[in-house]
Amino acid sequence: MSMRAGWTPRILGAVLALAAGWFLLTHADGFLPAFGQVAGLGPTALPVGLALVALGVLNRALQAHASFRLVELPARFGTMVHLSATSYATNKMVKSAGTAGLVPFLAHADRAGHERAPVVAAYLSTKLAETMSLCCLIGVAVVAGAATGGLHGSALWGALASAGYALVVGAALVLIAGRRSVVAAIAKRARRVAFHFRSRFGRPQPEPGGACAGHELSCAMDRLRADPRAAIPLVGTAFAGKLLGCAGLFMVLTGLGIHLGVATTLLVYTLTLMVALVGPIPGGIGIADASLGALLVANGVSGPSAAAAVVAFRLLDLWIPLLVGAAAGAGQYRRNRNAPADVVVEAPRVPVLAAVGVD
């Protein structure tokens, strides 16, 4: 077995440790009081929070399962749990517009003996569904915030920027889902770029006339247009993921005695999500935390309570899922290391075709 097979969990673990250490050092002064308030959340908050994390892990596994079924690939649920957890953690810790999370999918394709093109199409279909759910979430949050008078100050500017993002990306999604020629043109351009980079670095080229991820994705979109009900599992799990994240923030705020209302909580969660998405640091570390704290303070929450809410929510939304993904990646690495000697697992090559922009 090639020693390169375990590079993904090693990099993930190293980046996770460095990011956690950097964040603890830069925010050390405000942690002790915040942790004191987090400890006072109450006896029901911890089980509920962990249940939400578990539901999030299972929901991502269901989404991966639905995407594999969409492209007519076999998918064992246990395998999807490990695959989706590792991909999610990789995306969070490597800022790559969603491309880094494709690496575990490609490694799975090599292990399972699948063609890479349909596996890439399955991954891209999850990104399309997540982007669609994000655009809808932005629309609902902006409308709800306007109806309840929550659009003021920085929240107003954030809502306007988010609405612009939703309009532009939503229009792109309509083109991708509705016109096969657009997907084919994007895939052709991506293959040219991939050919250019692989030639520059002296990497071997794929067999001519092989399967194309763009073609597989086009076929998947054709099936969805012919039978819209086939999209229900994939789109439904994408929406469920956003609702679980918002429910986690609402639970944290309620446990700390902060009552902002559902509409305001939804707006705060959506704007925090957007900051984490567009920020330059993986996982929105530091930037999303500061944004969430500032939005809470702008809505009348005291500084110590806002800091406690940031710590508790980010533990549930980022750090615990990252630990789950790191554990899943480490488990896969051990299985690869114990594989028979005649099985060669190479590090997967990431195609240049990037995701739509959801980490």
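In order along the range 162-168, the phi-based Karplus estimate (6.51 cos²θ - 1.76 cosθ + 1.60, θ = phi - 60°) of 3J(HN,Hα) comes to 5, 5, x, 4, 5, 5, 5 Hz; Gly and Pro are listed as x. Scalar couplings 3J(HN,Hα) for the range 100-114, obtained by applying the Karplus form with A = 6.51, B = -1.76, C = 1.60 to θ = phi - 60°, are 4, x, 6, 4, x, 5, 5, 5, 5, 4, 5, 5, 7, x, 8 Hz; x denotes Gly and Pro. For 46, 266, 55, the ranking by accessible surface with the largest value first comes to 46, 55, 266, using a 1.4 Å probe.
Report Rg/Rh for the range 51-172, rounded to two decimals, where Rg is the Cα radius of gyration and Rh the Kirkwood radius. Rg/Rh for the range 51-172 comes to 1.07.
Take residue 289: with every protein chain present and a 1.4 Å probe, its accessible area is about 10 Å².
These residues, 291, 133, go from largest to smallest accessible area, 1.4 Å probe, as 291, 133. Converting phi to 3J(HN,Hα) with the Karplus coefficients 6.51, -1.76 and 1.60 and the offset θ = phi - 60°, the range 118-131 yields x, 5, 4, 5, 4, 5, 5, 5, 5, 5, 4, 5, 5, 5 Hz in sequence order, with x at every glycine or proline. Here the Kirkwood formula puts the hydrodynamic radius of the range 227-297 at 13.4 Å, using every distinct Cα pair. Each semi-axis of the equivalent ellipsoid for the range 106-146 is √(5λ) with λ an eigenvalue of the Cα gyration tensor; in descending order they amount to 35, 7, 4 Å.
Could you please put 169, 252, 278 in sequence from largest to smallest accessible area, using a 1.4 Å probe?
278, 169, 252
The residues of the range 252-333 expose, per residue, 31 Å² of accessible area to a 1.4 Å probe.
The values are calculated or read from the model by the stated rules, or taken from the named source; none is laboratory data. Since this is a predicted model, take the numbers as computed values, not measurements. Just so you know, the surface numbers come from the protein's heavy atoms only, side chains and all, with ligands and any DNA or RNA stripped out. Shrake-Rupley method; radii C 1.70, N 1.55, O 1.52, S 1.80 Å.
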